[in-house]
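Asker: A single structure is presented below for examination.
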Amino acid sequence: MDDSKEKAKRWIEKLKITTDLFLKLPVDTKLPNGWGKRELGIHLQGWDEEMIKIAEPLKQGKAFIWEDFCADPPDSYNAKFLERSKGKRLEEVISSFEQTRTTIVKVYEDILNNHFQEDKKHTDYFSLWWHDVHHLKLAGIDVEDLIE
């Protein structure tokens, strides 16, 4: 396996770890921006869904470029995610998150095993775990051993 493909494989495993760390967060977790575990779950699930949407073009050979992916300001995505989940209880959010996270892991594994293109720089597509790390740090979780 080449270095990029090996890195992507490690990053899928790290995503599984950050998923577990999020699920183990206490119910009363509060982030500095005022979000609780519920809002964080909505946020993480929303970004998982966005990453799932762009999987098909990647399978067809399109390069993953962050600037193309994040055309709108991140806060506009967050507002959309939170609005559509208004009224959902934490248990519902966690269940939806688990389903979406399972799907993105399967999508990652499929791309890695069947569609990975070194020359198209697909590796960055697998970096969703870094997003989790950022928020887990804000929630007070020690994630230093995950950082490479």
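Asker: So I54 ticks every box in (1) surrounded by 17 or more Cβ atoms within 10 Å (Cβ to Cβ); (2) touching a Phe, Trp or Tyr at 6+ places or on another chain (Cβ under 8 Å); (3) not polar (S, T, N, Q) but one. Which box is left unticked?
Answerer: So I54 meets the others, but not (1).
Asker: Moving to a separate point now. List every residue pair whose Cβ atoms sit under 8 Å apart, with the two residues 6 or more apart in sequence or on different chains, where the first one lies in segment 100-125 and is on the phi > 0 side of the Ramachandran plot and surrounded by fewer than 15 Cβ atoms within 10 Å (Cβ to Cβ) and the second, anywhere, is part of a helix (DSSP H, G or I) and not small (G, A, S).
Answerer: Nothing qualifies.
Asker: Among the numbered criteria (1) surrounded by 14 or more Cβ atoms within 10 Å (Cβ to Cβ); (2) at pLDDT 95 or above, which one does V27 miss?
Answerer: Of (1) surrounded by 14 or more Cβ atoms within 10 Å (Cβ to Cβ); (2) at pLDDT 95 or above, only one is false for V27: (1).
Asker: Which of (1) of a type outside the set (D, E, K, R); (2) buried (at least 18 other Cβ atoms within 10 Å of the Cβ); (3) free of Cβ contacts under 8 Å to residues at least 24 places away in the same chain is the odd one out, the single condition G34 does not satisfy?
Answerer: The one condition G34 does not meet is (2).
Asker: Could you please find all residues in segment 76-99 being loosely packed, with under 12 Cβ neighbours inside 10 Å and under 16 Å from K37 (Cβ atoms)?
Answerer: Answer for segment 76-99, where residues must be loosely packed, with under 12 Cβ neighbours inside 10 Å and under 16 Å from K37 (Cβ atoms): R89, E91.
Asker: Another question, if that's okay. Looking only at residues that are assigned to a helix (DSSP H, G or I) and of a type in the set (D, E) in segment 12-59, which one is farthest from N114 (Cα to Cα)?
Answerer: Among those that are assigned to a helix (DSSP H, G or I) and of a type in the set (D, E), it is E39.
Asker: Moving on. Determine whether T100 is part of a helix (DSSP H, G or I) and over 14 Å from F126 (Cα atoms).
Answerer: yes
Asker: Also, quick follow-up: Quick one: would you say I141 is within 19 Å of G36 (Cβ to Cβ) and outside any helix (DSSP H, G or I)?
Answerer: Answer is yes for this residue.
Asker: Could you say whether any residue in segment 54-70 is among the acidic types (D, E), more than 12 Å from F126 (Cα to Cα) and modelled with pLDDT under 85?
Answerer: yes
Asker: If you don't mind, another one. Name every residue in segment 18-46 that is touching an Asp or Glu at 6+ places or on another chain (Cβ under 9 Å) and of a type in the set (A, V, I, L, M, F, W, C), in order of residue number.
Answerer: L21, F22, L23, L31, L44 - these are the residues of segment 18-46 that are touching an Asp or Glu at 6+ places or on another chain (Cβ under 9 Å) and of a type in the set (A, V, I, L, M, F, W, C).
The values are calculated or read from the model by the stated rules, or taken from the named source; none is laboratory data. Just so you know, these numbers come straight off a predicted model, no measurement behind them. Cβ atoms come from the backbone with ideal geometry, glycine included; neighbour counts cover every protein chain shown.
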